[in-house]
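These notes concern the structure reproduced below.
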Amino acid sequence: MHTFFSLPEVTGFEHLDFRGTVTDTMGTLASAVGKEKFLPYLDKSFQLAFEGLKVESSRLRESAFCFFAVMADVLKDELVPVLPQIIPIILETLKQDDLDLVDKVTEEEANAILNREIDIDDTDDEDDDESIEMNVNSALQMEKEIAADALGEIFVNVKAGFLPYLATATEQLVELAETFYEGARKSAFSALWKFVVTLGELQVTEEWQPGLPVVCLAIEGLSAESAIAA
């Protein structure tokens with residue numbers, strides 16, 4: 001771990017993948033050894049992850065998002081104090097425009113670009129009724145995919161502490177669910193489903209009881225009749 005903590009001194013574009021790998025490794029170690037054993041390295045590892053977010057690198061941001069998602073599983077609601085430093089950055093990634101209105105490509109070509117099948121320079125510039133004007137930022141789309149996954153994992157583990165961000169996060173995920181990149185859409189729907197399940201767990205105050213007659217579960221803040229309608 002002491003070797004990892006010297007990474008702020010490792011600069012240069014050629015080292016970004018290495019820094020991202022180390023960030024991923026720190027999360028893996030925390031998950032493997034548990035909170036108590038990782039506690040001596042907690043502050044420094046978070047510092048390194050936050051420093052990675054300041055670098056103009058999708059690779060480092062993706063690694064930081066993964067790290068925070070893993071730490072949510074390790075720390076549970078103890079992650080709440082640092083959510084104001086984490087969630088706004090994740091939401092900012094989801095809000096970014098990933099299309100530049102410059103070059104004309106079809107939606108099929110855009111998907112091919114994202115899948116690294118063709119180069120944008122090889123697209124036909126001729127007008128086409130089915131064409132849309134865009135220049136795809138595939139790195140950002142993949143970054144959004146990881147960001148959406150991180151939001152789902154953080155809410156699942158932090159639970160009530162995430163509620164102040166729930167509305168904005170949901171809006172961004174719904175918008176992401178309509179993107180043309182399959183990976184980002186899948187992550188958006190997965191995160192939204194986790195939101196629904198976790199919100200249900202927070203609202204239902206009694207455990208489900210099997211058998212007949214059906215026992216109506218009480219939902220916090222709702223009457224039995226309202227709960228059924230919900």
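No value in this document is a laboratory result; all are computed from the given coordinates. Owing to the predicted nature of the structure, the values given are computational and were not obtained by experimental measurement.
Cross-link pairs exceeding 26 Å in C-alpha to C-alpha distance, out of LYS37/LYS144; LYS35/LYS186; LYS95/LYS186; LYS44/LYS76; LYS35/LYS159; LYS37/LYS194, comprise LYS37/LYS144; LYS35/LYS186; LYS37/LYS194.
Across the stretch 144-211, Cα-Cα pairs farther apart than 13 Å form 62% of the total.
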